[in-house]
1. Report the residue count in the range 21-38 for those that are in contact (Cβ under 8 Å) with a residue 24 or more places away in the chain, loosely packed, with under 10 Cβ neighbours inside 10 Å and closer than 19 Å to D50 by Cβ.
2. Just one of (1) at pLDDT 70 or above; (2) part of a loop (DSSP other than H, G, I, E, B) trips up I62, so point out which.
3. Being not in a loop (DSSP other than H, G, I, E, B) and not acidic (D, E) is the filter here; which residues of the range 11-49 pass it?
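The values are calculated or read from the model by the stated rules, or taken from the named source; none is laboratory data. Everything quoted here is computed from the prediction, not taken from an experiment. All Cβ positions, even for glycine, are placed from backbone atoms using ideal geometry, and neighbour counts span all protein chains on display.
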Amino acid sequence: MFIEAKYPLEGKPSPPNAVWPHPQQITISNDVLYIRPHDLKIDSNIRSCDIIAKAIQRYEPIFFPPKLAMIYHRPVVIISYKV
């Protein structure tokens with residue numbers, strides 16, 4: 001048994017930069033939100049879905065970009081005495 005789709009498929013394309021797959025709830029705002037990585041976990045209860053797995057891989061680096069290493073160099077202090 002199979003399901004045959006009639007072409008053209010009904011629907012409308014997603015707007016540019018739309019989140020996909022679409023979450024259960026989404027709130028759009030112009031406010032800036034700060035996300036603490038230890039307070040947010042991206043996960044799914046669907047283990048065998050490539051779409052969800054790839055979405056998690058795609059969004060994790062966006063939400064939690066790699067940290068830049070700061071290299072600290074001690075200031076060099078040169079003291080000269082003339083006697």
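1. In the first step, residues of the range 21-38 are kept if they are in contact (Cβ under 8 Å) with a residue 24 or more places away in the chain; the result is 21, 35, 37.
Subset that is loosely packed, with under 10 Cβ neighbours inside 10 Å: 35.
Retained after the next criterion (residues that are closer than 19 Å to D50 by Cβ): none.
Final tally of qualifying residues: 0.
2. Condition (2) is where I62 drops out.
3. Restricting attention to the range 11-49, the residues satisfying the condition of being not in a loop (DSSP other than H, G, I, E, B) are 37-39.
Answer for the range 11-49, where residues must be not in a loop (DSSP other than H, G, I, E, B) and not acidic (D, E): P37, H38.
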